[in-house]
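Visitor: This structure is in structure tokens; I'll ask about it shortly.
The values are calculated or read from the model by the stated rules, or taken from the named source; none is laboratory data. Keep in mind that this is a model prediction, so the values were computed, not measured. Quick reminder, even Gly has a Cβ in these numbers, built from the backbone with ideal geometry, and neighbours come from all protein chains shown.
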Amino acid sequence: MWQAEVRIDLDAIRDNVASLRAGTTAEVMAVVKGDGYGHGMLPSARAALAGGATWLGVATLDEGLALRRAGLDVPVLAWLHSPGLPLHDGVAADLDLNAGSLEMLDELVRAGRRAERTARVHLKIDTGLSRGGATAAEWPALLEAAAKAQADGEIDVVGVWSHFVYADAPGHETIDHQLAAFADGLAVAERFGIAPRYRHIANSAATLTRPDSHYDLVRPGIAVYGLSPVQGETFGLRPAMTARARVALTKRVPAGQGVSYGHTYVTERETTLALVPLGYADGVPRAASNAGPVQLGGKRRTIAGRVCMDQIVLDVGDDPVAAGDVATIFGPGDDGGPTADDWAAVVDTINYEIVTRFGSTRVPRLYDGAAGTEGSATATGDGGTAAGGPVNGGDGGSASVAGLDRDAGDGGSASVAGLDRDAGDGRAGRTGEVDMGGAS
Ligand SMILES: Cc1ncc(COP(=O)(O)O)c(C=O)c1O
């Protein structure tokens, strides 16, 4: 029996990528950094590749190396490096690495020498975000150095790229300005003899709304996981993550009863309280106290009182809610239940942060669907999934993830990265490792 879980619909990830792919002539780089926005980097990557992605994008060298250790051999771009990292490991692992400054280019040249291999480099131009990348003023010097290193056979300039400021606000003036600056940057690159095979700037929002930004490669992240980057639009995407828990207990209390720390909620009349075992250690923002929406007993409720580390309380009135009933924090919203977007609105953040928080906690992460799983052809049960191995989904319909080679048992699910213990009744928790597939 289970207490709380985060379920990931791998088929939704695959289908979201397939739909992004269908909307462009460019190749698709699925961005799987941040543990796949909380969905699990490796299963998400595999599902995205099954949907037609041909590249993977990550922020850090370690994320890129973890993809390689798991046996994923598609092109991978890693873009955020402080000085002094073992970038030669990245070059040796055939990762594409970003250079947005002369200093980083120099590091990549040295990394290539040390790895005895030509470093695959993407030169980044800052077209207005003022984050990574060379400014327009710095760009010619970076190009000059890159052209020389390329002529010397030390690097291969695979890409020239940039990143949008505000593509999630279609029509915002920065979009056209950045596209113009990117085109200028490419023209300058050409003057230095640099004609990269991949020019890329489009994130999810631009992939969905600005075909003129697609160039040779698009880099969607949030849309891969079925969430929209643009408020009020779904683009037909399907949210892949559901967070839910089973009620731990219910109790009748009188009118005037204060609830949870600080008694910031007081019952108006005699009522039933339901205790839901998920708290801020699991991803529920404390800022959602007295505000977060939860689906329970076929109705949307609002959290009563403070969000605690491990639990929240719902006031369900006289509804026949019982211990063991399932409370859904968010999901695809099919049954009128809350979505990650609803949560983002409540705590004044973005859906990205909601799913990333929920995916990176002690709550077991379980996988539904077969996309990208080697064992999918043999998965059993009512839609059961065996991600990455011959795992029997049992009756519950799903099992995961890469590297598992045991029966998911009666619960029909097991998870996830870096497992170091028995799944028991068919479930296994996480150790917090990014790595999967037995690689570490
Ligand atoms: C450089 C870069 N490219 C692409 C993405 C994907 O963005 P989105 O999730 O908005 O599609 C990100 C994510 O922040 C990023 O940092």
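Visitor: Which condition number does Thr356 fail, the rest of (1) assigned to a loop (DSSP other than H, G, I, E, B); (2) at pLDDT 95 or above being met?
Guide: Every condition holds for Thr356 apart from (1).
Visitor: Still on this structure, please answer the following. When you check Pro220 against the structure, is it buried (at least 18 other Cβ atoms within 10 Å of the Cβ), within 12 Å of the ligand (Cβ to nearest atom) and touching a residue at least 60 places away in the same chain (Cβ under 8 Å), yes or no?
Guide: Considered against the rule, which asks whether it is buried (at least 18 other Cβ atoms within 10 Å of the Cβ), within 12 Å of the ligand (Cβ to nearest atom) and touching a residue at least 60 places away in the same chain (Cβ under 8 Å), Pro220 comes out as yes.
Visitor: Now for a different question. Looking at segment 223-242 only, could you name the residues that are more than 11 Å from the ligand (Cβ to nearest atom), more than 11 Å from Val17 (Cα to Cα) and of a type in the set (A, V, I, L, M)?
Guide: Ala240, Met241
Visitor: Can you say whether Ala137 is of a type outside the set (D, E, K, R), surrounded by fewer than 21 Cβ atoms within 10 Å (Cβ to Cβ), free of Cβ contacts under 8 Å to residues at least 12 places away in the same chain and over 27 Å from Ala53 (Cα atoms), as far as the supplied structure shows?
Guide: For Ala137, the condition - of a type outside the set (D, E, K, R), surrounded by fewer than 21 Cβ atoms within 10 Å (Cβ to Cβ), free of Cβ contacts under 8 Å to residues at least 12 places away in the same chain and over 27 Å from Ala53 (Cα atoms) - is met.
Visitor: Something else about it: Can you tell me how many residues in segment 144-175 are closer than 19 Å to Tyr215 by Cβ, more than 16 Å from the ligand (Cβ to nearest atom) and touching a Lys or Arg at 6+ places or on another chain (Cβ under 8 Å)?
Guide: The number of residues fulfilling the criteria is 1.
Visitor: Which of (1) farther than 23 Å from Ala78 by Cα; (2) under 28 Å from the mean Cα position of the chain (by Cα); (3) more than 16 Å from the ligand (Cβ to nearest atom); (4) buried (at least 18 other Cβ atoms within 10 Å of the Cβ) is the odd one out, the single condition Phe192 does not satisfy?
Guide: (2)
Visitor: Okay, moving on. Determine which member of the set Leu108, Leu123 is modelled with pLDDT of 95 or more, more than 15 Å from the ligand (Cβ to nearest atom) and buried (at least 23 other Cβ atoms within 10 Å of the Cβ).
Guide: When all the criteria are applied, what remains is Leu108.
Visitor: Could you tell me which numbered condition Leu129 fails, if it satisfies all but one of (1) in contact (Cβ under 8 Å) with a residue 24 or more places away in the chain; (2) out of contact with any Phe, Trp or Tyr (no Cβ under 9 Å at 6 or more places or on another chain); (3) within 21 Å of Leu217 (Cα to Cα); (4) of a type in the set (A, V, I, L, M, F, W, C)?
Guide: (2)
Visitor: I've got another one for you. Can you tell me which residue among Gly132, Gly159, Gly128 is out of contact with any Pro (no Cβ under 7 Å at 6 or more places or on another chain) and closer than 23 Å to Pro75 by Cα?
Guide: That would be Gly132, the only listed residue that is out of contact with any Pro (no Cβ under 7 Å at 6 or more places or on another chain) and closer than 23 Å to Pro75 by Cα.
Visitor: Quick one: would you say Thr339 is buried (at least 17 other Cβ atoms within 10 Å of the Cβ), at pLDDT 95 or above and β-branched (Val, Ile, Thr)?
Guide: Taking the combined requirement at face value, the residue satisfies it.
Visitor: For Gly383, state whether it is at pLDDT below 95 and either within 26 Å of Leu72 (Cα to Cα) or not in a loop (DSSP other than H, G, I, E, B) (or both).
Guide: Yes; evaluated as a whole, the condition is true for this residue.
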